[in-house]
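Below: the structure, in structure tokens.
The values are calculated or read from the model by the stated rules, or taken from the named source; none is laboratory data. Not measured: the values here are computed from a predicted model. Cβ placement follows ideal geometry from the backbone for every residue including glycine, while neighbour counts extend to all protein chains displayed. Note: accessible area is taken over every heavy atom of the protein model, side chains too, but ligands, DNA and RNA are not part of it. Shrake-Rupley method; radii C 1.70, N 1.55, O 1.52, S 1.80 Å.
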Amino acid sequence: MEKERSIEAVETFNKKFNCAQSVLSVFSSELNISKSDCFRIATPFGSGVAFRQEMCGAVTGALMAIGLKYGMDENDSTEQKSYTYDLTTHFISEFRKKHGSICCKDLLDGIDMSTPEGYAKVRELNIFRTHCAEYVRSAVLIGEKILLRK
């Protein structure tokens, strides 16, 4: 039996991968891309883009998956881009409704983990496990509704 995607994503996150990698990688088979490529593509986007704490990495991982499945290619009309933007807006709205923000720093209770002190505080409070794992899970569950529709 195939493991539930959200569980697989959290397990991946709890290993050595960041939030963006963990979310994008669980959609690899539907996107016809290897997990390895997903891990490499999403590497810069963890921790709100390389500890900048801007857009949540779990959100960017899901948005990359949406783009890979529905994004506009050179032979597509601009309606495809509009459709992808609509799906993106829907994803962001659902994530924001559930968690209040898509900003990594806001989601981590305002702690600035770009500083050594802030990063130490995040680790001390176990925020990666108590907060980020839930954002990974949510991003996958919301993303599944968009990516697996017929």
Estimated vicinal HN-Hα couplings, Hz - the stretch 93-100 in sequence order (Karplus 6.51, -1.76, 1.60; Gly, Pro = x): 4, 5, 5, 5, 4, 6, 10, x
Choice from Ile66, Ile102, Ile41 showing the highest fluctuation, given a GNM over the chain with Cα pairs closer than 10 Å: Ile41
Low-density loop cleavage sites - GluC sites (Glu not before Pro) in the stretch 16-104, where at most 14 other Cβ are within 10 Å (DSSP): Glu74
Built amide H within the under 5 Å cut-off of Cys103, gap 5+: Cys56
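Heavy atoms only, 1.4 Å probe, whole protein assembly: order Ile127, Ile92 by accessible area, highest first.
Ile92, Ile127
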Descending principal axes extents, the stretch 12-150, alpha-carbon based, whole Å: 49, 30, 23
Fraction of accessible area attributable to carbon and sulfur, the chain (%, probe 1.4 Å): 52 percent
Förster radius 30 Å - calculated FRET efficiency between Lys145 and Ser77, Cβ distance, rounded to 0.05: 0.75
Long pairs among Lys15/Lys35; Lys16/Lys69; Lys35/Lys105; Lys105/Lys145, criterion Cα-Cα beyond 18 Å: Lys16/Lys69; Lys35/Lys105; Lys105/Lys145
Share of alpha-carbon pairs per 5 Å distance bin for the stretch 70-150, given as whole %: 3, 13, 19, 17, 14, 12, 10, 7, 4, 1
Per-selection metrics, the stretch 37-78 (Cα): Rg and Dmax in Å: 12.1, 36
Per residue solvent-accessible surface (Å²) - the chain, probe of 1.4 Å: 55 Å²
Gyration tensor over alpha-carbon atoms, the stretch 29-111, equivalent ellipsoid semi-axes in Å: 24, 17, 10
Sum of side-chain charges, Ile127 neighbourhood, beta-carbon under 13 Å (Lys, Arg +1; Asp, Glu -1): -1
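With the contact rule set at Cα under 8 Å and sequence spacing of 6 or more, what percent relative contact order holds for the stretch 4-150?
On the way: 197 pairs, mean separation 41.8, N = 147.
28 percent.
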